[in-house]
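The values are calculated or read from the model by the stated rules, or taken from the named source; none is laboratory data. Only a predicted model underlies this, so the values are computations on that prediction, with no experimental measurement involved. All Cβ positions, glycine included, derive from the backbone under ideal geometry; neighbour counts span all protein chains shown.
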Amino acid sequence: MKKYFLVITLVCSLFYFFLSPFSLIAGRYAGDFIAIGAGVRSLSMGGAFVAVANDGSAIYWNAAGISQIREKEIILMRAFLYDNIASYDFISLCIPLPSDVSVGLAWTRLSIDDIPYFSEKHLTGTNTDQRSSDINKQLTGIPDGEFSSSDNLFQFAFSKHISQLVNMGWLFFEVPIDYYFGATIKYIKRDLYKFSATGTGVDLSAMIKSDLAILTELDWLGEIRYGINIQDVAGTKITWDTKSRWSDEIITNTKMGVAVVQPIPKIHSVITIDYDWDNAYKYTSHIGLELQYKKFAFLRTGYSDDDYSFGAGITYRRFNINYAFLTNVLANTHRVGVRISF
């Protein structure tokens with residue numbers, strides 16, 4: 001019964017989002033399945049990844065960062081959400097090209113199977129009084145069938161890296177600064193019962209990083225990074241194939257972040273701390289921390305909007321396996337993923 005209750009609640013919410021002609025607010029939450037987030041490493045850091053963005057999940061978080069990847073890379077991820085009712089998958093491929101350019105492809109999918117369907121044909125020709133007094137005219141509670149719901153996001157990303165020595169006014173030296181610029185074209189397809197909806201959108205992103213040791217003349221300091229990702233520039237409309245051609249809208253969301261990457265040579269480790277904030281519906285902050293030991297083992301934790309996350313990873317040759325545990329008011333979630341470089 002618990003599973004049926006959660007399924008019916010989710011489905012009723014989905015129907016409400018696209019069938020209610022009077023609800024502008026519901027339409028503006030149409031892309032919330034995208035906001036679940038991509039990848040394992042990034043989510044174990046509380047979604048604080050805009051200023052880090054140095055693996056294939058950057059296609060979602062900050063596409064400018066994929067030009068930091070200098071080998072071909074594939075990421076595969078699977079998670080089960082809402083008490084294992086829904087499955088959530090993410091696949092990405094990043095390919096570095098000459099001239100410090102990289103391109104990437106990603107596919108994100110949220111799906112719910114075996115949703116019970118109750119036909120209203122049994123109620124035809126009767127009214128409320130007749131059904132309440134005659135048990136034979138009431139619904140049996142037995143489903144008339146099942147259907148599936150799926151949300152798919154396809155992304156193509158492009159990124160360019162530019163490195164410069166910038167004269168900041170100091171007398172004896174120049175400051176090295178790396179600039180990264182990116183863009184993502186996205187195609188969204190949603191399927192619910194007998195209906196489908198499609199839409200296209202664009203994300204624009206950028207990242208800057210520099211050496212704190214040079215900026216401060218403290219040799220032990222590491223890197224500082226700034227990132228910004230403007231998702232769904234000018235809004236993205238998703239139009240349903242219903243008679244009314246109802247359109248939902250994904251509103252523009254700006255993600256910004258700052259990160260410090262600090263080596264600790266004495267213990268052969270690197271600590272990364274990232275702080276992000278975004279403003280799609282309300283101001284939301286994210287903070288994440290990663291401890292890397294000898295480029296072999298990783299421990300991570302994060303905090304986002306009253307939810308906590310924890311994770312770990314291990315690298316063996318060209319394989320990197322990651323695990324994340326996310327707390328949530330609906331249901332806690334486990335995520336597993338693998339990253340392969342070649």
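Only a single item in (1) in contact with a strand residue (DSSP E or B) (Cβ under 9 Å, 6 or more places away or on another chain); (2) touching a residue at least 12 places away in the same chain (Cβ under 8 Å); (3) on the phi < 0 side of the Ramachandran plot is not met by TYR283, and it is number (2). Restricted to region 314-329, and to residues there that are more than 18 Å from the chain's Cα centre (by Cα) and assigned to a strand (DSSP E or B), the residue that is surrounded by the most Cβ atoms within 10 Å (Cβ to Cβ) is ASN320.
Taken over region 229-243, the residue count meeting the criterion of being assigned to a loop (DSSP other than H, G, I, E, B), surrounded by fewer than 16 Cβ atoms within 10 Å (Cβ to Cβ) and of a type outside the set (Gly, Ala, Ser) is 4. Would region 244-251 turn up any residue that is basic (Lys, Arg) and part of a loop (DSSP other than H, G, I, E, B)? Scanning region 244-251, I find at least one residue that is basic (Lys, Arg) and part of a loop (DSSP other than H, G, I, E, B), so the answer is yes. On the basis of being within 23 Å of the chain's Cα centre (by Cα) and loosely packed, with under 14 Cβ neighbours inside 10 Å, does ASP113 make the cut? Considered against the rule, which asks whether it is within 23 Å of the chain's Cα centre (by Cα) and loosely packed, with under 14 Cβ neighbours inside 10 Å, ASP113 comes out as yes. Inspect all residues belonging to region 247-256 and state whether any of them is over 23 Å from the mean Cα position of the chain (by Cα) and more than 20 Å from ASN229 (Cβ to Cβ). Checked region 247-256: no residue is over 23 Å from the mean Cα position of the chain (by Cα) and more than 20 Å from ASN229 (Cβ to Cβ). Once region 209-246 is narrowed to residues that are over 23 Å from the mean Cα position of the chain (by Cα) and hydroxyl-bearing (Ser, Thr, Tyr), the residue that is nearest to SER304 (Cα to Cα) is SER210.
In the set ILE224, ILE267, only one residue is surrounded by fewer than 19 Cβ atoms within 10 Å (Cβ to Cβ) and touching a helix residue (DSSP H, G or I) at 6+ places or on another chain (Cβ under 6 Å); that residue is ILE224. VAL103 meets all of the listed conditions (1) out of contact with any strand residue (DSSP E or B) (no Cβ under 8 Å at 6 or more places or on another chain); (2) outside any loop (DSSP other than H, G, I, E, B); (3) of a type in the set (A, V, I, L, M) but one, namely (1). Considering region 187-206, the residues that are assigned to a strand (DSSP E or B) and of a type in the set (Phe, Trp, Tyr) include one that is modelled with the highest pLDDT, namely TYR187. Determine whether region 213-224 contains at least one residue that is touching a residue at least 60 places away in the same chain (Cβ under 8 Å), of a type outside the set (Gly, Ala, Ser) and at negative phi. Scanning region 213-224 turns up no residue that is touching a residue at least 60 places away in the same chain (Cβ under 8 Å), of a type outside the set (Gly, Ala, Ser) and at negative phi. Of the candidates ALA38, ALA48, ALA53, the single residue that is closer than 20 Å to SER87 by Cα, out of contact with any Lys or Arg (no Cβ under 7 Å at 6 or more places or on another chain) and either modelled with pLDDT of 85 or more or surrounded by 24 or more Cβ atoms within 10 Å (Cβ to Cβ) (or both) is ALA38. Going through (1) free of Cβ contacts under 8 Å to residues at least 60 places away in the same chain; (2) within 17 Å of LEU76 (Cβ to Cβ); (3) surrounded by fewer than 17 Cβ atoms within 10 Å (Cβ to Cβ) one by one, TYR293 falls short only on (2).
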